[in-house]
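Right, one structure below, let's go through it.
The values are calculated or read from the model by the stated rules, or taken from the named source; none is laboratory data. Being a predicted model, the structure only gives us computed values, none of them experimental. As a convention, Cβ positions derive from the backbone with ideal geometry for all residues, glycine included, and neighbour counts pool all protein chains shown. Side chains included, ligands, DNA and RNA excluded: accessible areas come from the protein's heavy atoms. Shrake-Rupley method; radii C 1.70, N 1.55, O 1.52, S 1.80 Å.
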Amino acid sequence: MRQHRIAAIGGDGIGPEVIAAGCRVLEATAAAQGGFGVAFQTFDWGSEMYRRTGLMMPADGLRQLEGFDAIFFGAVGAPDIPDHITLWELRLAICQGFDQYANVRPTRLLPGVRGPLREDLGRQIDWVIVRENSEGEYAGVGGRAHRGLPIEVAMDVAVFTREGVARICRHACEVAMARPRRHLTVVTKSNAQRHGMVMWDEVCAEVTAQYPGLTVEKMLVDAMTARMVMKPGSVDTVVATNLHADILSDLASALAGSLGIGATGNIDPQRRRPSMFEPIHGSAFDITGKGIANPLGAFWTASMMLEHLGEAPAAQRLMRAVEAVTARGDVLTPDLGGTATTAQVTDAVIAALAGANA
């Protein structure tokens, strides 16, 4: 029987709660589908470790993770630790250290869920946003000088490499080609950013020309936000820079009903090292420990992980179970207008898995 080794990193805030729920659901999915198993090793990395040791993860953290088949990640962030420390020293350290250069975020309105758009518009949402995940605006290049003085200066430099742009565009093309509409929107801001973004446009044009079966268009990022709200049915697959796609994908999850539903995969398409899968809701300090965090984003993320691991029927089975629970509407967490706890939603999805035939 196939066995998949998964590193589980709950991290901060509600992260440990939803990752624990996700591990339960993955085990139940494997049992219901048959043919494979999942084995978890939990790592207690995050802000608690930082408070004890001054490190978000051990110095050899990447070495500890590299033998796993996938990483299941919760969230980072704590009120008493600067965000640039929690993010750069754990999540981004893994993403960049393992060159997980493709961040892939699917979005659609799940059955029974109401988003902020009119229902006829909300039902048109069926998107995949492909985000460059290794350089761009989040390359980490820059610095500060003259700290505390009137002439203090701070600088962040967006870094675009030809290969970095080409490989994310190629991956977005492959994602778009696998979808029924075969439609790709390349998001840019080259009217204002005349060096890096102009190269982005040029390289994307070169790459997309190699996919004659695709319908390709280019759109400025500010216009794209309006289009996602006003004409969601005109959007299918989107490729954008690290910063632009970060913003667009959070907008996408909000339009689909809740950030608690959002799922993402930090992918190394070459599969040289494990890819990392995480819900996108963040630490959610206000509800940490209350038992009401929405685990559906972790479950959707778990489905993406199963797909990546070659367990497509199990991934589909899990999503059918999630959709059965949301469609019924009687077991939903407060962010979706319900009163259920994390555990109750988890139990409902596990019960639905038994009826979600392969």
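All other residues whose Cβ lies under 10 angstrom from that of Asp236 are scored, Lys and Arg at +1 and Asp and Glu at -1, for a net of +2.
One way to sum up the overall shape of the chain is the equivalent ellipsoid from its Cα gyration tensor, whose semi-axes run 30, 26, 21 Å, largest first.
Size estimate for the range 156-277 follows the Kirkwood approach: the inverse of mean 1/r over distinct Cα pairs works out to 15.3 Å. Phi angles across the range 84-98 convert, under the Karplus curve 6.51 cos²θ - 1.76 cosθ + 1.60 with θ = phi - 60°, into 3J(HN,Hα) values of 5, 6, 5, 6, 6, 8, 9, 4, 5, 4, 6, 4, 6, x, 9 Hz, Gly and Pro given as x. 3J(HN,Hα) couplings calculated from phi for the range 69-78 with the Karplus curve 6.51 cos²θ - 1.76 cosθ + 1.60 (θ = phi - 60°) are, in sequence order, 7, 6, 10, 10, 10, x, 6, 10, x, 9 Hz; Gly and Pro show x. When all protein chains stay in place and ligands, DNA and RNA are ignored, the 1.4 Å accessible-area order of Arg194, Arg63, Arg5, Arg131, largest first, is Arg194, Arg63, Arg5, Arg131. Annotation: lysines with alpha-carbon distance below 28 angstrom to Lys218 (same-chain offsets under eight excluded): Lys189, Lys231. In the chain, a dipole from Cβ-located charges (positive for Lys and Arg, negative for Asp and Glu) runs towards its positive end, and of Ile81, Ala154, Met199 it is Met199 whose Cα lies farthest in that direction. Ranked by solvent-accessible area (1.4 Å probe, protein heavy atoms only, all chains present), the residues Glu278, Glu206 order from largest to smallest as Glu206, Glu278. Converting phi to 3J(HN,Hα) with the Karplus coefficients 6.51, -1.76 and 1.60 and the offset θ = phi - 60°, the range 101-116 yields 7, 10, 9, 10, 10, x, 9, 7, 7, 5, x, x, 8, 10, x, x Hz in sequence order, with x at every glycine or proline.
Approximating the spin labels as points 7 Å out from Cα along Cα→Cβ, the Thr161-to-Asp330 distance works out to 5.5 nm. For Ala139, the residues whose modelled amide H falls within less than 5 Å of its own, excluding neighbours fewer than 5 places apart on the same chain, are Val159. The residues of the chain have, on average, 42 Å² of accessible surface per residue, using a 1.4 Å probe with all protein chains present.
Near the amide H of Arg123, within less than 5 Å, lie no amide hydrogens of residues on another chain or at least 5 residues away, with H placed in the peptide plane.
Bridge orientation summary for the chain: considering DSSP beta bridges with both residues in this region, about 40 percent are antiparallel. Rounded to the nearest 20, the Cβ-based charge dipole of the range 188-232 about its Cα centre (Lys and Arg +1, Asp and Glu -1) stands at 200 debye. What part of the accessible area of the range 199-358, given as a whole %, is carbon or sulfur when the probe is 1.4 angstrom? Ligands and nucleic acids excluded, carbon and sulfur reach 56 percent.
Normalised by the number of residues in the range 1-75, the mean separation of alpha-carbon contacts (under 8 Å, six or more apart) gives a relative contact order of 51 percent. The simple spin-label model puts a point 7 Å past each Cα toward its Cβ; for Met1 and Arg181 those points are separated by 4.1 nm. A straight line joining the Cα centroids of the range 96-132 and the range 259-286 runs 13 Å.
For Leu332, the amide hydrogen comes within under 5 Å of the amide hydrogens of Thr339, Ala340, counting only partners 5 or more places away or on other chains and with H modelled in the peptide plane. Modelled this way, with points 7 Å down the Cα-to-C-beta line, the labels at His146 and Asp286 are 4.0 nm from one another.
Estimated at the nearest 10 Å², the accessible area of Trp300 is 20 Å² with a 1.4 Å probe. A Cβ-based charge dipole, computed about the Cα centre of the chain with Lys and Arg at +1 and Asp and Glu at -1, lands at about 640 debye.
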